[in-house]
Amino acid sequence: MDIGVTSTAREFFRSISRNFVSWTINETSLFILSILLFLISLSLVIYLILNKIAQKKAKTDFFTISDPSTIMEILNQAMIDRSSFQLFLNPESAYSLKCSLEEVTSYDMVLELPSYIRAIKPQMVGRKVYVIFGIPYKKQMIFYYFTSKIISSFKKDDYLFLRIEIPNSLELRQKRNFLRIETRPEDFIDLIVWKEKFLPTGELVKDLKNLGKPIYKKKTEHAFFPVLDISALGIRLKFDRVELNKRVGELNKGNGFIIFFKIKDERREKTYSFLVHGIIKNVYRDPVGKHIEYGIQFIEQGKVSEDSSSIIKWEKIDPKMGIRELSDWVMQKHLYYYRKGII
């Protein structure tokens, strides 16, 4: 090997070594770089969490009941009806145990197991279970789903029982996501219906004073009551066609209403008030020509500003959740009507 080439190479590597040793880190640059790396990592974590939540929401196409008193009423009604409880140890399995509900408290519930089950292994205590049951509504069944945990098992009169935790929520499982009930005039303390109105900007009107004369106002000159049924996400209204034409003319699919209503919960001695904007989803015209019905979906809920009694802040309604307080009221009314034999 040529000695000159070797010397040149050695000098080159010595130069790199000297430069590396003498190189100093800029503390300000390092600090900025660290912050950037931290922010990028944090953004990635937040994205993954939000994406997981969104995926979970996308799979949830049913309505969740979380009010403890409503859950207790539904379970007590199921016990009165002797409803069957299908208990699964694996949510993906087709195999289930057909049980009956024997006892409900605010902490736990007792299920009687099928007679062919003779023993429960000790390791089953603490295991998660998945349960589906139904209660009748008119000519159909409303089904509920919940998860729980086995607390204990015991035997009585040759029958085996499971004690499980009371569920924190029930998920309504049926073709229609939201239970819809027929109502009576006495359920409503107040009801006012306006045709929707928009600002020049295209936004929904934000001041109640600008809505003008209502189409309907309870306890005025109207002898009829227009509400046919209601759910957490919609309402069905019926109008006299002649009267409607006098006020605003007949409306069609895609048009909308602004509706204020106040309802009462006799059991809790409470009242609930709602201001909603709804869009007409379907129209039924009486063949004789006297009445017209509108199926309306709620899309926005109005909240009155704290500093004003008439300025409205409109908020979108999640079509998968509906209006939570209204859904609780509908469920309470359903149970009340059912027990009274009205439905």
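What follows draws every value from the coordinates through simple rules; no lab data is involved. All figures in this text were calculated on a predicted structure; none of them were measured in a lab. Don't worry about glycine lacking a Cβ; one is built from the backbone with ideal geometry, like all the others, and counts go over all protein chains shown.
A Förster radius of 30 Å combined with the Cβ-Cβ distance from K128 to S106 puts the calculated FRET efficiency at roughly 0.90.
The residue among S327, I280, H291 whose Cα reaches farthest toward the positive pole of the charge dipole of region 181-340, with charges on the beta-carbon of Lys, Arg, Asp and Glu, is H291. In sequence order, region 67-80 has phi-based couplings of 6, x, 5, 5, 4, 4, 5, 5, 5, 5, 5, 4, 5, 5 Hz under the Karplus curve 6.51 cos²θ - 1.76 cosθ + 1.60, θ = phi - 60°, and Gly or Pro positions carry x.
A cut-off of 5 Å between modelled amide H atoms, ignoring neighbours fewer than 5 places along the same chain, links V304 with K313. Of the residues M124, M109, the one with the fewest other Cβ atoms within 10 Å heads the list, and the complete ranking is M124, M109.
Ranked for footprinting exposure by Cβ neighbours inside 10 Å, fewest first, D328, D207, D265 give D207, D265, D328.
Cβ-to-Cβ counts within 10 Å put R82, R236 in ascending order as R82, R236, the fewest first.
You can think of it this way: the chain between E182 and K197 has 2.6 nm of extra reach, that is 0.36 nm per residue less the Cα-Cα gap. With bins 10 Å wide beginning at 0, the percent of Cα pairs of region 65-173 falling in each bin runs 14, 51, 30, 5, 0.
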